[in-house]
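The values are calculated or read from the model by the stated rules, or taken from the named source; none is laboratory data. These numbers come from a predicted model, not from an experiment. When we count neighbours, we look across all protein chains shown, and the Cβ atoms used for this are built from the backbone with ideal geometry, even at glycine. Heads up: the accessible areas ignore ligands, DNA and RNA and are worked out on the full protein's heavy atoms, side chains in. Shrake-Rupley method; radii C 1.70, N 1.55, O 1.52, S 1.80 Å.
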Amino acid sequence: MTPELTRRIWFTLGALLVFRLGTFIPLPGISPSVWEQIFRSQAEGALGMANLLSGGGIHRLAIFALGLVPYVSAAVILQVLPIISKRLRALRTQGERGRRRIELYTRALTALLAMLQAYGIAIALESVTSLVAEPGWFFRVTTVLTLTGGVMALVWLSEWITARGLGNGVTLILFVGLAAEVPAGIAGMLELGRQGALSSGMILSLLGSAIALTALVVAVERGRRRLPVQTAGRERDPPASLSFKVNNAGIIPAVLASWVMLLPAAIVFLVAPAWQGQLQGPLVTIVYAALIVGCTFFYTAFLIDPDAAAETLKKHSALIPGIFPGEPTAEHIDGVVTRLTVIGALYLALLYLVPAVLVAMAPVPFYFGGASLLIVVCAILDLEDHIRGFASVRTGV
């Protein structure tokens, strides 16, 4: 192990320890016992999933309760907006200057989203009897400042991890938050088995499905389709290739699909609150999976332009063996990307469907699938790549 790698490991561990400590510092003015009762009564729903992403911060109503969710949401929005904004599309082509401008927009949007979420949380907390010691504007302002400050501190911490630690800071913080809550979820599942609420067969099925889904994520996220490329006059050079991921879109299609699903839910909540129970069940899950598939094709079409790729190859006097330059190359690349997108879309839909079905079938005390599973696996794969990179530098490979 090189001194540089050792230094980066210790820096990363120290930064992640700061994150974990922040999830144990509670918001001021809250009754912990009242909140504990509320959380336990709703821990198996959306509140439990949000708590998983915050690393337990919501359960303890801590200063890091919002986690990095506002930052991730802002980053996704700014990745999608260039589809309709020429100005943002132009920034993506301006190199370092454009990247810094996009980072500035992301931080500003993160702060705005965090303040809006924090204010909504403050209002919701005040509406609960005996939860807030002194309701009023002072409590709302302090809650907004505390939660927003917590989000921005985590953004700053994640950037330092990326620059001076190992791996991607955002992914690592999300990973540590998820990993910290999984043991408690597994213990709760085993306790349900001891009480007879879950059969041994169901527990084994849940564990088996988790292992199978993890293996699927590793295989797909590592999967690449490489197209060999030949350059005129460089036949003796090492072979080059165009590389396409099986899952080019990442988790963004699932995020977009969830936003689309929120629209009818918000309308029903405002117009006909009594119908909210109708927005659950197998049909809604199937619609969500179909939206994931559609959003995967939509976002991949924005990410990868076969015509631009073919034009770039032509400018560099390069071609795919057996394929004529120009339009035939674009059609060939488009066919390859389309087939990969079909696989990637079905993979993402399956990744979200299987856990949802299992949770509907049994009173599982935790939700391990979808975005949470992708974050965990991708964080581990990213760490492995970074460590191998340092090892290869040391050995000169």
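Remarks
- The condition of being at pLDDT 90 or above and either among the basic types (Lys, Arg) or out of contact with any strand residue (DSSP E or B) (no Cβ under 6 Å at 6 or more places or on another chain) (or both) holds for only one of 345, 371, 360, that being 345.
- Being open to solvent by 40 Å² or more (accessible area, probe 1.4 Å), among the polar types (S, T, N, Q) and more than 26 Å from residue 132 (Cβ to Cβ) is a property that residue 2 lacks.
- Selection from segment 315-348 of residues that are in a helix (DSSP H, G or I) and in contact with a Pro (Cβ under 9 Å, 6 or more places away or on another chain): 329, 330, 331, 332, 333, 334, 335, 336, 337, 344, 345, 348
- Residue 136 meets all of the listed conditions (1) farther than 17 Å from residue 17 by Cβ; (2) open to solvent by less than 40 Å² (accessible area, probe 1.4 Å); (3) in contact (Cβ under 8 Å) with a residue 40 or more places away in the chain but one, namely (3).
- Test: residue in segment 5-15 that is over 26 Å from the mean Cα position of the chain (by Cα) and surrounded by fewer than 13 Cβ atoms within 10 Å (Cβ to Cβ): yes
- Residue that is surrounded by the most Cβ atoms within 10 Å (Cβ to Cβ) [pool: residues in segment 92-110 that are more than 21 Å from the chain's Cα centre (by Cα) and farther than 15 Å from residue 80 by Cα]: 98
- Leading residue by the ranking (least open to solvent (accessible area, probe 1.4 Å)) among those in segment 289-302 that are over 18 Å from the mean Cα position of the chain (by Cα) and closer than 16 Å to residue 84 by Cβ: 302
- Residue in segment 307-328 that is at pLDDT 85 or above and either among the polar types (S, T, N, Q) or within 22 Å of the chain's Cα centre (by Cα) (or both) present: yes
- Segment 296-314, residues that are assigned to a helix (DSSP H, G or I) and among the acidic types (Asp, Glu): 307, 311
- Hey, residue 77 open to solvent by less than 40 Å² (accessible area, probe 1.4 Å) and under 19 Å from the mean Cα position of the chain (by Cα) or not: no
- For segment 16-43, the set of residues classified as among the charged types (D, E, K, R) and either open to solvent by 100 Å² or more (accessible area, probe 1.4 Å) or on the phi > 0 side of the Ramachandran plot (or both) consists of 40 only.
- Where a residue in segment 325-340 is open to solvent by less than 60 Å² (accessible area, probe 1.4 Å) and its partner, wherever it lies, is assigned to a helix (DSSP H, G or I), with Cβ under 6 Å and at least six apart: 329/310; 330/306; 330/307; 330/310; 333/306; 333/309
- Any hit, segment 252-272, residues being modelled with pLDDT under 85, touching a Ser or Thr at 6+ places or on another chain (Cβ under 8 Å) and open to solvent by less than 70 Å² (accessible area, probe 1.4 Å): yes
- Checking segment 212-224 against the condition returns a match, with at least one residue being over 28 Å from residue 301 (Cα atoms) and outside any strand (DSSP E or B).
- Search result, residues across segment 194-222 that are over 16 Å from residue 348 (Cα atoms) and buried (at least 16 other Cβ atoms within 10 Å of the Cβ): 198, 202, 203, 206
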